[in-house]
Amino acid sequence: MSPTSDAHVTLILEGTYPYVAGGVSSWVHEIVCSLPELSFALDHLGAQRETCGAPLYDIPGNVAHQQQRFLHVAEPAPEERERLQAELMRRIREARRSPRRSSRLLAALQRFHADDAVDDELIAGLAERDLSVDELLHGDAAFDAIVDVYRAVGGGASFVDFFWHFRAAHVPLVRLLREDAPPSRVYHAVSTGYAGVIAAVASQRTGRPMLLTEHGLYARERDMELARAAWIREPELDLRIPVERTSPLRRFWSRFFRRMSSIAYHRAARIVTLSDVNLRHQLADGADAARTAVVANGVDTAQLVRQIGRPVARGKRDPVRVCFVGRVVPIKDVVTFVKACDLAMREVPLAARIVGPTQEDPAYAARVRDLIAALGRDSDIRLEGPMPLKDIYRSIDLLVLTSISEGQPLVMLEAHALGIPCIATDVGACREILEGRDDADRRLGPSGIVTPVAAPEDTAAAMVQLARDRKLRRRMGATGRARILARYAKHSMIDSYRAMYRELGAS
């Protein structure tokens, strides 16, 4: 679909709407549907073409343009990789130094790693198109630049290993930077990372303003993944030395993601997050306090109640119905949910469900299934896949989230709007939702129980406490509903974004 004219807003989306289900995608869909007076373009950055299927949402009529771009292409065949490896080794042996072709983009990539400062000049360099992917991979000037970056930030890693990791990080970036985002009056990135850099460069090229919304904190979430990444070759570990000092390639990737966040923070005219705790992290990571704002997610309680209908009653002797709702991926730590259910079921009767898409990480979903089977809980813990809201919430007594990172979980707001108490780990805005954001909010009382991350025993204890105390469940559910009505109304969120778009010139 080619743009016929500038959209009011281009949403730059990394690995989310409309091809991936989940809280962020639902939020994007609500924003677009709730602002019919504005036209939107969708610029989706997917992992690779082979894993990106059909849209999972009905695209609203005010979406004037869509385009897909991909971070990765198919890996080279083994013989091609061998040829590239031989070429790399030849270059290292010859240490060839030919005159460098002037490239502002290449110079910007060097500075991206070697200099902590982010300014307009660096972003202007990234906005140049004078470096192709082929030149990055095979050009003498690019090889010399990679050597210089290695000397600056390689940290003792093997140069061969560093070269391949540099290639993996920068080929997607250079490919994306050579293309344009759809033309619009405002560029709105819904994360930092590659999406944040692409929005910053689009803003630089066009002179149009950039808006940034962070749900989860991209750089910090990538650090969590890097801590467990099996694809990074490690030096032989010395247990007397902290891991962060013996892992130069993990440090390289962590710095790469944080630098991308810094570029988005520098260029964005407004920087929005969902909670005070996330705001504190943004400020610590270099965001300008004068350009930041907290805009909480919101739900339409009346509409949700109409949509769900009457809840399915639970008999007094029936097990308490607990449910995890979300993507079955490592960052949601569904394994801890399963372990917690198993522990709790030894003390109280529970019926547990896991509701959410499993296709994003099939290996992890298989691990969850295998764990359920190994615990002998096939009939007690059901992995059900995605389903309509009414089929989720009509039969829940208790929502449980065990994530290791969150922004502001929409499923918690939905559950509370329907009077369902929650148990959630102490990440993102979960504590604010369950205990209150300020003194007036806290006076409402708790609407659930906060537990530590990766602590199945604590989550199980919270399940047992609430399963045994029906009055406590009812009281916390009523408190949650009151909190949503007072603090998390959908119209407040939509009004805030309408005002920001208008302020930035989209209307």
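Taken together, the values in this text are just the output of simple stated rules run on the coordinates, not laboratory data. Note that the coordinates shown come from a computational prediction; the quantities given were computed from them, not determined experimentally. Because the Cβ atoms are built from the backbone with ideal geometry, glycine has one as well, and the counts that use them run over all protein chains shown.
List of remarks:
- DSSP-assigned coil residues among trypsin sites (Lys or Arg not before Pro) in segment 143-214, each with at most 15 further Cβ atoms within 10 Å: Arg178
- Between Ile232 and Asp140, the C-beta separation translates, for a Förster distance of 41 Å, into a calculated FRET efficiency of about 0.90.
- Using the average count of surrounding beta-carbon atoms within 10 Å as a protection proxy, the listed peptides 120-129, 21-30 rank, highest first, as 21-30, 120-129.
- Ala124 versus Val348: modelled label distance in nm, points set 7 Å from Cα along the beta carbon direction: 6.3
- Computed over the chain: relative contact order in percent, which uses C-alpha pairs under 8 Å that are six or more apart: 13
- Electrostatic tally near His8: other residues with Cβ closer than 12 Å to its Cβ, Lys and Arg +1, Asp and Glu -1, net +2.
- Burial ordering of Phe163, Phe70, fewest other beta-carbon atoms within 10 Å first: Phe70, Phe163
- Sorted by Cβ density within 10 Å, fewest first, the residues Ile12, Ile433, Ile271: Ile271, Ile12, Ile433
- Here the relative contact order of segment 301-488, from alpha carbon pairs under 8 Å that lie six or more residues apart, stands at 25 percent.
- Cα gyration tensor, segment 404-451 - rounded (a/c under 1.5), prolate or oblate: oblate
- Placing +1 on the Cβ of every Lys and Arg and -1 on the Cβ of every Asp and Glu, with nothing else charged, gives segment 96-176 a dipole about its Cα centre of roughly 320 debye.
- √(5λ) per eigenvalue of the Cα gyration tensor, segment 378-507, largest first, Å: 28, 18, 15
- Comparing Leu137, Ser275, Leu413 along the charge dipole axis of the chain, the residue lying farthest to the positive side is Leu413, per the Cβ-charge model.
- Inter-label distance, nm, simple model (7 Å from Cα along the C-beta direction), Ala86/Lys390: 6.5
- The helix-based estimate of mean residue ellipticity at 222 nm for the chain, built from -39,500 (n - 2.57) per DSSP H run of four or more residues and divided by its residue count, is -14500 deg cm²/dmol to the nearest 500.
- Positive end of the dipole of segment 291-382 (Cβ unit charges, origin at the Cα centre): among Ile308, Ala293, Pro349, the Cα lying farthest that way belongs to Ile308.
- Between 0 and 90°, nearest 10: helix 334-345 axis offset from the chain longest Cα axis: 20
- Lysine pairs within the chain, Cα separation less than 27 Å, 8 or more sequence positions apart or different chains: 9
- For the chain, Kirkwood radius (reciprocal of mean inverse C-alpha pair distance, Å): 24.5
- For segment 301-488, average projected area of the Cα convex hull in nm²: 9.8
- Look at Leu410, Leu371 and count the other Cβ atoms within 10 Å of each Cβ; fewest to most, that gives Leu371, Leu410.
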